[in-house]
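Encoded as structure tokens, the structure appears first; notes follow it.
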Amino acid sequence: MINNINSKERFFFFWGLFAFLLISFGSYFNFYVNIKLKNIFISEKAILFVIYLLGAIFVWLFGFFQAYNSGWTLNATKIIEKMPKWLRYIIALFLFLTPTILSLYVIIFDTVLVYFPRLLLFFACIALGIVFYNPQQSIKQYFKDFLLFSVLAGAIFSAGQIYNQVVDYPFSFTYSEGNRLWDYSIIFGSDRYVTNDTNNIYAYIDWGRSYLWGLPFLFPNIGIWGVRLWDAFVKTAPYFLLGILLGSYQKKKIGTFGVLVFATWTFLFLRQGPIYSPLIISAILTIIAVRNKNLVLSILLVIIASYYASITRFNWSYAPGLWAGMLSLTHIVNPSFKKEEWKKLLRPIALGISGYFGGQFLSPLLRWISSGGESVGNIPLIHNAVTEGAFKQIFLFERWWPNPTYGPGIVFGLFIALSPAVLLMIWIIYSKNWKLNWIQKSGILGTVLVFLIVGLIASIKIGGGGDLHNMDMLIITILFLIAEVWNTVWGNLYKNESNGVILYNLSILLLIVPIFWALRGGEPLRNLLSDTEGDIVLAIIQNEVDRVQNNGGHVLFMDQRQLITFDYIHEIVLFDEYEKKLVIDKAFDEDLAYFQDFNNDLESHKFDLIVSEKLYTGLKSGSIFSEENNYWAIWVARPITEHYCPLVIFDNINLQLMIPGEDC
């Protein structure tokens, strides 16, 4: 690759490897101040980091002495070329995986690799790994490989953020992770519970997610590790499947590997949201429908996609129909409303109407059928939740702009994530490389604007705005348009030399920006209880549960309900009310009737033991989710602490046990 550039040869074996060592070492030792050297061997993961460090030192020293003994005249790439191919590939793989392992799976001195050192480490490892992967190539090919392997390694890193939580650990990792696992169990695993009445157990979750995430509970003995593995699979596999489907249209030209690369980039692009998997599944069904030539089958698929979207989130109900109509419209050559041409528009119109039917009318129709023909009431032309509930909770307009909850703010974050794709689309259409008439442009623009407005509104409702996930329909729409360009004009774009600098620069940004986005998040699981510590906590909770129930009392798990699901806490009578996600949403609604019952139950000490997160009653300002905290403090924490006192507090897992008491 660089046989004719002696300075570059020296760089790879001296400064390159030294930089790799420095970044790995300095990120843990130079960027942090509270380091206790005596703790270097406190865990297996710390030892793993030391092995990494020693390996880097060995490689560096080997290269240094080889170069020194030859008087710095030794051709570095020739040495690598002489290595067995299998050894070169192992070293390259090691380097490509290093950022993920060091950033997400290794803990040392209770610190994490922060963004900029992580960024430097990532690209340094890619740059060096490519030399071992293929030491004899042109600079142009090297740059192409750099982009390619950056995308692949970035996807590994992004997937690693999800799969590093697949562990057999009984307690919740995040605010709602544990209770979500309980939610998922209800549809197929309700026999795991003994309830206080004969009513069906109520879980605050939509049917779309309940069925998808609940599938593991068809296996009666599945444990928390298996359910977390399924959760990780559901959060990754549909992304890749959609990418494969979108890229497969060009399989003859780019081959299987090219399709997989496009799928990998699709995963990275969508992870900028992130996008909830049920919407991606609806998108998959939509793409199959659009590409299928059988109109009847296409209509059926769009109806199913819209129905599934509607039973997951009401604001997704119309997305599949709009997507199908828009994409079908772009497939028509010069559509027109002229009498002799309008029949071409039948397919996009039929698919759009099918989506509207599936999202708006199919669910009440199925309820009518299942009820034996009983009335299901008036069916509105648009969802009641849209006309009555969309503006029920307060809006936090400041979350459009940089704020403590989401650093860049929704508007700027969206600009960073989508601007390369949007600018590329605008340039391709403006330069007439993709020839669309005014009807097609209007269809695209209208769809984009609808999803942009809906996403911006949803993102500033209280409880939202922590990331770009409410821009999900817009992000998928932009992905579809990129795929359309990929499938129709992409090859010709690069054959035309006049497209030159603008095309290449925008394409590079399109590939690289999602990688920068992926590297922003994720860290190793830290501060977890050891098995012994966890057993002690579980024993304390179990003892208190047994004490209360043996005396005829009632226990309420507001939080950590997965402990019941997976039998960490057993022989408990479940009360399904007042689950914390439901309670906080009722607080956002300022539902006076709901909280009248809640406060009455607290005042009467209906529950003799409450398991909750650690309750804080103070108000916050200018901090992460401070407004949500204040609603929780006023509507939930203060009423509970007025009538209940902490019995045991477990600070390291944000859990407390509370018993009746007026003066704490």
Rough spin-label spacing in nm, given labels placed 7 Å along Cα→Cβ, for Trp342 and Ser626
5.8 nm
Using 7 Å Cα-to-Cβ label points, what is the Thr256/Asp531 separation (nm, one decimal)?
4.1 nm
Net charge of Cβ neighbours under 11 Å - reference Val259; Lys, Arg +1; Asp, Glu -1
+3
Rg [Å, one decimal], Dmax [Å, integer] - region 461-594, C-alpha atoms:
26.2, 83
Solvent-accessible area per residue for region 340-485 (1.4 angstrom probe, square angstrom)
48 Å²
Value of Rg to Rh for region 295-378 (Rh from inverse mean 1/r over Cα pairs, i.e. Kirkwood)
1.10
For region 411-422, just list the computed ³J(HN,Hα) in residue order, Karplus coefficients 6.51, -1.76 and 1.60, θ = phi - 60°, integers in Hz, with x standing in for Gly and Pro.
5, 5, x, 5, 4, 4, 5, 10, 4, x, 5, 5
Any idea which of Asn527, Tyr568, Phe595 is furthest toward the positive side of the dipole for region 467-617, if Lys and Arg beta-carbons carry +1 and Asp and Glu beta-carbons -1?
Asn527
Fully extended, how many nm does the chain gain between Glu571 and Leu452 (0.36 nm per residue separation, minus their Cα-Cα distance)?
37.9 nm
Report the local net charge at Ile429: Lys and Arg +1, Asp and Glu -1, summed over other residues whose C-beta lies under 10 Å from its C-beta.
+3
Report D for region 553-646 in µm² per second (integer): Stokes-Einstein, Kirkwood Rh on Cα pairs, 37 °C, 0.692 mPa s.
233 µm²/s
Using the alpha-carbon centroid of each, what span in Å lies between region 559-598 and region 130-144?
57 Å
Amide H to amide H, which residues 5 or more places from Leu574 or on other chains are under 5 Å from it, using H placed in the peptide plane?
Val194, Thr195, Asn196
Would you kindly state how much longer the chain becomes between Phe146 and Arg547 on full extension, computed as 0.36 nm times their sequence separation minus their alpha carbon distance, in nm to one decimal?
138.1 nm
Using label points projected 7 Å from each Cα along Cα→Cβ, tell me how many nm separate Tyr616 and Val489, to one decimal.
5.2 nm
Placed amide H near Asp591: partners under 5 Å, 5+ positions off or other chain:
none
Where a label projected 7 Å from the Cα of Tyr504 along Cα→Cβ would reach, residues of region 420-463 with amide N under 14 Å:
none
Which FRET efficiency value, to the nearest 0.05, is calculated for Tyr211 and Lys82 with the Förster distance at 60 angstrom and r the Cβ-Cβ distance?
0.60
Provide the FRET efficiency to the nearest 0.05 for the Val333-Ile416 pair, computing r from the beta carbons and using R0 = 35 Å.
0.50
Can you give the accessible area per residue of region 571-664, in Å², using a 1.4 Å probe?
46 Å²
Between region 229-275 and region 310-329, how many Å separate their Cα centres?
20 Å
With a/c under 1.5 counting as rounded, go ahead and sort region 595-664 into rounded, prolate or oblate using the C-alpha gyration tensor (a ≥ b ≥ c being the square roots of the eigenvalues; past the cut-off, prolate if a/b is larger than b/c, else oblate).
oblate
Shape call for region 76-215, from the Cα gyration tensor axes a ≥ b ≥ c (a/c under 1.5 means rounded, otherwise prolate when a/b beats b/c, else oblate), comes out prolate
Cα gyration tensor shape of region 243-354, rounded if a/c is under 1.5, else prolate or oblate by comparing a/b with b/c:
oblate
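The values are calculated or read from the model by the stated rules, or taken from the named source; none is laboratory data. Bear in mind that the values here come from a model prediction, so they are computed numbers and not experimental data. Every residue, glycine as well, gets a Cβ built from its backbone with ideal geometry; the counts of neighbours run over all protein chains shown. SASA here: full protein model, heavy atoms, side chains in, ligands and nucleic acids out. Shrake-Rupley method; radii C 1.70, N 1.55, O 1.52, S 1.80 Å.
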